[in-house]
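A short worksheet on the structure shown next.
The values are calculated or read from the model by the stated rules, or taken from the named source; none is laboratory data. These numbers come from a predicted model, not from an experiment. Cβ sites come from the backbone with ideal geometry, for glycine too, and all protein chains shown count toward neighbours.
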């Protein structure tokens, strides 16, 4: 039976703040709808409301058939003590279905009225979720994503790459009719992204996705719903991400054209009205102050002035009768840049026959050279050694064998995955001021006022700088790091999965800043759109500790 999810006139608030009002949405079999908008616009809240985790202010949510299964699969970290099997059973809904099946069995055993019907419904639901063979399917699906671990192994003992694959396994094992996927591509490598795309495209039921990955949405989305905070509206678009971007730009251009046409006609009518009224006032004044002895001529001049006043009034009423069109809200968009510091030496960093051994992982031997102005993407599966390679290149990891060198006048700014420098309770202002060190050229400590000015250039004002650094969003942390790099005059940027947990606006800000940066860039990212936008000169592919270089 076809599955349909209908959301009608839904309004949702978070605390005292209204997120969106009057949302209408219909999802049918084969629909893959992307819900987009900045962080805080209500994407996750919408999904939680659909599954009943939160209540809407107004509106209805209906699922047909009524017994269809629906799941919200957020991108959440599992409990470190939870085994891979237990994690998969919980994420797939099997754990809760087991409990209901046991309760239904107990109801039959105790002779409770309706026990048979309850058991039949619980069993049907349990089977529909794929519970009967989940234990057997788990190793097969894990093998597809190259996750070779014991299902009884605790998630907390897995590496970062393995944990990301474990999350993917839980999604691929699920047997729900309706899927709500919240940032499903975070931490996935290229293989994981392909598997996730295949899974979404092959799912026959409705799918609602919130994702910042533009290339992923281009490959899977059939429609887009935009929660537009800037314009205070909900937009519906047909097609992929790229189709949405083009149509949104066209819609906004049309909105401005419509407003400007209305405003021009209104202003013209009002200008003519003012002119007629001015003429009327001047005519009456001339009659009153004139010395025309002929009473009939005076009356004629007064009548002419009255006619001008009447025409002015008619023109004003015509302007009021126009269908008013509100001016589209002007969207403020943050744009920041990072100026390259003093140029480094021609050779920024080298590895010569370098080998790094960590537990059961071995990188190398590798011989690599980073030259001034190179813009290098480091790509490969999770666990292949990308982060280890960067750390070895920067001298942050001791080599088991081989040589490492860092060029003269090299000043490096690193954006790590978690922005750990700002994962502290100290105020943002204090953290950045401490890390800035002495001012270039003076050797003195940075004045507080100048640190505030520096942060303000990156969109971090008085409402940010006194807050604990830990409270900043990932986008705000990224901008704080970029401000720090600007102040330290870095000439090398190293970005390790910089787009994770950023919304599209923050990603595009970062992309534009990196593209305009004149220094050397090293980036680890599975975001194909970001890589395409930053003018790469080389791609280093890492596979099981080996590196191949492609010059673009």
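Brief remarks on what is shown
- Within the set 522, 536, the sole residue that is modelled with pLDDT of 90 or more, within 14 Å of residue 379 (Cα to Cα) and touching a helix residue (DSSP H, G or I) at 6+ places or on another chain (Cβ under 8 Å) turns out to be 522.
- Any chance residue 542 is under 21 Å from the mean Cα position of the chain (by Cα) and touching a residue at least 12 places away in the same chain (Cβ under 8 Å): no
Every residue, every condition in (1) modelled with pLDDT under 85; (2) in a loop (DSSP other than H, G, I, E, B), yes or no:
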site	(1), (2)
404	no, no
409	no, yes
434	no, no
440	yes, yes
449	no, no
470	no, no
481	no, no
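- Qualifying residue in the stretch 333-345 (condition: buried (at least 17 other Cβ atoms within 10 Å of the Cβ) and over 30 Å from residue 480 (Cα atoms)): no
- In the stretch 411-421, the residues that are assigned to a loop (DSSP other than H, G, I, E, B), within 21 Å of residue 525 (Cα to Cα) and in contact (Cβ under 8 Å) with a residue 40 or more places away in the chain: 416, 417, 419
- Only one of 227, 270 that is in contact (Cβ under 8 Å) with a residue 24 or more places away in the chain and closer than 30 Å to residue 526 by Cα: 227
- Qualifying residue in the stretch 47-55 (condition: in contact (Cβ under 8 Å) with a residue 60 or more places away in the chain, touching a helix residue (DSSP H, G or I) at 6+ places or on another chain (Cβ under 7 Å) and not in a strand (DSSP E or B)): no
- Boolean, residue 220 is in contact with a strand residue (DSSP E or B) (Cβ under 7 Å, 6 or more places away or on another chain), over 30 Å from residue 17 (Cα atoms), surrounded by 15 or more Cβ atoms within 10 Å (Cβ to Cβ) and modelled with pLDDT of 90 or more: yes
To keep it simple, each residue is scored yes or no on (1) outside the structural domain of residue 536 (by TED's automatic domain parsing); (2) in contact with a strand residue (DSSP E or B) (Cβ under 7 Å, 6 or more places away or on another chain); (3) more than 21 Å from residue 486 (Cα to Cα); (4) modelled with pLDDT under 90.
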| site | (1), (2), (3), (4) |
| --- | --- |
| 375 | no, yes, no, no |
| 385 | no, yes, yes, yes |
| 388 | no, yes, yes, yes |
| 414 | no, yes, no, yes |
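- The set of residues in the stretch 451-477 that are out of contact with any helix residue (DSSP H, G or I) (no Cβ under 6 Å at 6 or more places or on another chain), touching a residue at least 60 places away in the same chain (Cβ under 8 Å) and over 18 Å from residue 426 (Cβ atoms) contains only 457.
- Residues satisfying the stated conditions in the stretch 346-364, i.e. in contact (Cβ under 8 Å) with a residue 60 or more places away in the chain and surrounded by fewer than 17 Cβ atoms within 10 Å (Cβ to Cβ): 346, 347, 361, 362
- Comparison of 187, 182 shows that the only residue that is at positive phi, in contact (Cβ under 8 Å) with a residue 24 or more places away in the chain and crowded, with 20+ Cβ neighbours inside 10 Å is 187.
- Residue match in the stretch 422-432 (condition: part of a strand (DSSP E or B) and in contact (Cβ under 8 Å) with a residue 12 or more places away in the chain): yes
- Selection of first residues in the stretch 244-262 that are modelled with pLDDT of 90 or more and of second residues that are exposed (fewer than 13 other Cβ atoms within 10 Å of the Cβ), restricted to Cβ pairs under 9 Å at least 6 apart or on distinct chains, gives the following pairs, ordered by first then second residue: 244/238; 247/238.
- Residues satisfying the stated conditions in the stretch 477-496, i.e. surrounded by fewer than 21 Cβ atoms within 10 Å (Cβ to Cβ) and within 23 Å of the chain's Cα centre (by Cα): 496
- Residue 98 in contact (Cβ under 8 Å) with a residue 40 or more places away in the chain and either surrounded by fewer than 17 Cβ atoms within 10 Å (Cβ to Cβ) or more than 27 Å from residue 475 (Cβ to Cβ) (or both): no
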